[in-house]
Structures are given as C-alpha cells and as structure tokens.
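The values are calculated or read from the model by the stated rules, or taken from the named source; none is laboratory data. This one's a predicted model, so the numbers in the text were calculated from it and none came from an experiment. Here Cβ is always computed from backbone atoms with ideal geometry, including for glycine, and neighbour counts include all displayed protein chains.
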Amino acid sequence: MNADSAADDRPAKIRWLPPGLRPPEGMTIRQERVFLLVGAAALFGGYDTNVFSFTVPQIQVSLHIPEDAVGLTLSFFRLAAVGALMLAWSADLVGRRRLLLFTIFGQGLATLATAFAQDYTLFVWSQIATRVFGYAEEMLCYVVIAEEVAAVARGWANGTLAAMYYAGGGVASLVFAGIAFLPYGWRAMYVIGAIPILLVGFLRRRLPETSRFEVRKKEVRKLSSRLAGAFDMTRRLAHEHPRRLATLLIAMLAYGFAIWPAAVLGQKYLQDVLHFTPPQTTMLILPGGLLAVTFNILAGRLSDWIGRKTVIFAALFIATASFGTFYSGIHWQYVGLMWVPGFFGFLCADSLFAGLSAEIFPTAYRATVAGLRYVVSILSGAVSLALEGPLYDVLGGHGPALMLLLGTMPIAMIALLRLPEPAGRTLEDVAAEPDQKKFRPPP
C-alpha cells in the first residue's frame, strides 16, 4: 500500500459540518472527498432548478409567456427525465465517473445557454437540456454514494446530499432578493448558477471511478453495442428481480403522483390563498427550509440506526398529514407553518427513497434502476400536475384538488414495506437476497 492510499484510508473528520450533524464513525478521507465532489454539484444543481420558480413573473414579461402556459412549461421541463434515463442507462456500461463528468459540463453549458435565450422556444429547449443533464447527474450521485460510502453512513450521506441540493434553492432565493440590482435581471441568475457548476466540473476530474464498478469493468467491455447493452441490461433486471423492481416502481408511481403537486405549488398557495406577502413568504421559506434540511440530515443518520423503511414510512406520514392540513382550508392563524413539516417529510422521503433504490439492486443494474425510479416519480408528478387544473375547476380551489391527489400516498407506504431493508448491510448481501421467497407447501 503506498502513502497516498494509506492517507485516503484514514478516518474522515467532516469538519465542514457541526458535530451533531456529522456521520457516525466509518467514513474515510477518500469517501469524504468523493462525497464533496458529488455534493458540490448537487448544491449548484439545486440552485439552477429553482431559479425558474422564483423568476416566473420576470421571465413571463421578458419572453411574453401567457399565464395559462406556465404549468405547461413546467410539464415540458419534466419530460427531460426521459432523456436523463438514457444517460443513466449508459452509466452501467461506461462507468460512473465518465458520465458524471459529461453531465456536469453539459448542465453548466445548458444553464449558460438559458441566460442568452431570446425567445420562449429557445428558453424551453435550453432548460430541457439543463434538466436532462441535471436529472441524470442527480441519479448518478446517489449511485456513487451507495457504492462508495460505508454502510454505517449511507443513510446520512443520502440525507446530506438532498440537504445540499435544496440548500441550493435557498441560495437562489437569496440571489433573487437582489434581482432588481442585477444587470439583465433573471438572465444574470442563470449566469451566476452556470459558473460554479463548470468550476466543479474541472475539480471533478479528480473523482475516481467507484471501486464496485471497477470490479465489473471487464464484463462491461464485452458489450459491443452500448444501446443494445442498455436494453439487454434492463431486460435482465426485469427477469432477475421482477418483484423487487415492480414494487419499487409502484411505490414511486404513487409517491410521485401524490407529492409533487403539493411540493411544487406550496409557494403559490401561500400567496394566493393564505394571503402571504412576498416578504412573509420568504421569511417562512428560508428559516423553515433550513430547519427541514437540518432535520433531514439527522433523519438520514437515524435511518442508519433504525432502518431506511421505518424512517421513510414516518416521513411519508408526516408529509401527507402536514400538506393535508396546509391545503385543507381550515381557518387557523398558523396553518401556513404546516408547510415546514410537509417540506421536511417530502425532502426526507425523496432522498432516502433515492438511496434505497440504489442499495437494493446489484452493481450491474444500479444506475439503470436509479434512472427508472427517477423517471417514474417525475412523470407521475407531471401527470398529477396536469390533472390539478381540471380538478381545480371541478372542486373550486387548489386546496381540495391537492388534497385529493395526496390520496395515493398509502399505496406508496404499503409498497415500501414489501422492499428489502438495506440499512447496516453490505450492498452484496442485500443484492443476494432472493427476489421473493420460495413457496413451501404445508407439512
């Protein structure tokens, strides 16, 4: 063992977090370095994807977007998940490192192109390209964490990665507060987001390939066609793990359908229905979001102790109950505060679901599963967002419509209980667990 390898294997100090938020013992300096290289991109990716939600009025005026086209524009953005799945597929063939370099530079350049879009069509296509790379980047980050971080700290790493992503949204809100002073307004916000993404891309050249992918690299080289290999890998995945894959996708279908409208329309509901002013909305979103992010890190660490499924189940219950109260229309002075536990439940469940999906399948299929999970969640959310408008017309308000859409959450909770528990176990042990128990006739 050389000196560099010995140094990399020393315990990590994690001095960039306060003691109470640091992971349990078990992480090495190498694992910390890998985490920071993927986490920094998550931070700026979170900034980028939240710029549109803050600057919708300014972009509408600048690009002449009618009011009834805003929701459709968001649906267009979500179609990028299909392209992201194609990229995620290839990560099981060419490696995690190569795809992560490709996606981060692609995201940075597409974000920069958004700043210079002169009409609606160019803006939409630039943002679709940004999200193709960004969604694929997010999928692969969770795969790298599953394969590189010690078993005792994977839950913490999943929660912290999600916290960094949504902290980027907080940074976007702070920059937005000074948009009146920025040259070129909303365009400057995209330039501000693109520069650090490209810088992280250059730093990420030091990112090593995951050790688990290195083990199976010779098998990957035997595939003559990457596209054919990707489809063949998906077919084998469905053949070898049909019950596990179907259960995960059912859970993500029900979860995405229920949660995305409630999570996306919260700021609009605060202002339009609960009559929060913009400063009051910011005063709730910033500290409330910070509190949710902090508890999300702690929840990730807790999942390493008591299990992923237990914590995810609790998070789903908290999100459903809190958002249900938030959108209920009850006349309570502090009902707006229910957005905070609702956002925490969403954030916690989303990050741990992402980590769990990468933990319960073999290395050969991990990126493919991450892509399928993400696409099902995003597209089911797009469908429910499209249905929210007609339900609004029928039920007479956003609140009743969103509460009705939350009704699929129990399906996700039931499906979750049928999945393997990966906490505290090696990935190989979880992957080797039979997809379903063999039938034994009674004696």
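Identify all residues within the range 384-403 that are hydrophobic (A, V, I, L, M, F, W, C) and surrounded by fewer than 18 Cβ atoms within 10 Å (Cβ to Cβ); write none if there are none. Working first, answer last.
At the first step, the residues of the range 384-403 found to be hydrophobic (A, V, I, L, M, F, W, C) are 385-387, 391, 394-395, 401-403.
The answer is 386, 387, 394, 395.
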Some residue of the range 309-326 being of a type outside the set (Phe, Trp, Tyr) and not in a helix (DSSP H, G or I): no
Verdict on residue 390 being without any contact (Cβ under 8 Å) to a residue 12 or more places away in the chain and part of a helix (DSSP H, G or I): yes
Selection within the range 267-277 - at pLDDT below 80, surrounded by fewer than 18 Cβ atoms within 10 Å (Cβ to Cβ) and touching a helix residue (DSSP H, G or I) at 6+ places or on another chain (Cβ under 7 Å): 271
Of all residues in the range 257-282 being part of a helix (DSSP H, G or I) and aromatic (Phe, Trp, Tyr), the one that is nearest to the chain's Cα centre (by Cα): 260
The lone exception for residue 134 - which of (1) crowded, with 24+ Cβ neighbours inside 10 Å; (2) within 30 Å of residue 19 (Cβ to Cβ); (3) among the small types (Gly, Ala, Ser) it fails: (2)
Residue satisfying condition, being touching a residue at least 12 places away in the same chain (Cβ under 8 Å), part of a helix (DSSP H, G or I), surrounded by 24 or more Cβ atoms within 10 Å (Cβ to Cβ) and not hydrophobic (A, V, I, L, M, F, W, C), within set 380, 351: 351
Single residue of 205, 212, 154 found to be under 17 Å from residue 37 (Cα atoms), part of a helix (DSSP H, G or I) and modelled with pLDDT under 75: 205
Contacts under 7 angstrom Cβ, first residue in the range 310-327 being without any contact (Cβ under 8 Å) to a residue 24 or more places away in the chain, partner part of a helix (DSSP H, G or I), 6 or more apart: 322/338; 322/341; 322/342; 322/345; 325/335; 325/338
The lone exception for residue 343 - which of (1) part of a loop (DSSP other than H, G, I, E, B); (2) in contact with a helix residue (DSSP H, G or I) (Cβ under 8 Å, 6 or more places away or on another chain) it fails: (1)
Selected residue (criterion: modelled with the lowest pLDDT) from residues of the range 16-59 that are of a type in the set (D, E, K, R) and within 25 Å of the chain's Cα centre (by Cα): 22
Enumeration of residues in the range 110-127 that are surrounded by fewer than 18 Cβ atoms within 10 Å (Cβ to Cβ) and not charged (D, E, K, R): 116, 118, 120, 121, 122, 125
Among (1) modelled with pLDDT of 80 or more; (2) surrounded by fewer than 24 Cβ atoms within 10 Å (Cβ to Cβ); (3) in contact with a Leu (Cβ under 8 Å, 6 or more places away or on another chain), the one test that residue 199 misses: (3)
Residue check for residue 84: surrounded by 14 or more Cβ atoms within 10 Å (Cβ to Cβ), among the hydrophobic types (A, V, I, L, M, F, W, C), at pLDDT 80 or above and over 30 Å from residue 182 (Cα atoms): yes
Test set (1) over 17 Å from residue 42 (Cα atoms); (2) touching a Lys or Arg at 6+ places or on another chain (Cβ under 7 Å) - residue 184 fails condition number: (2)
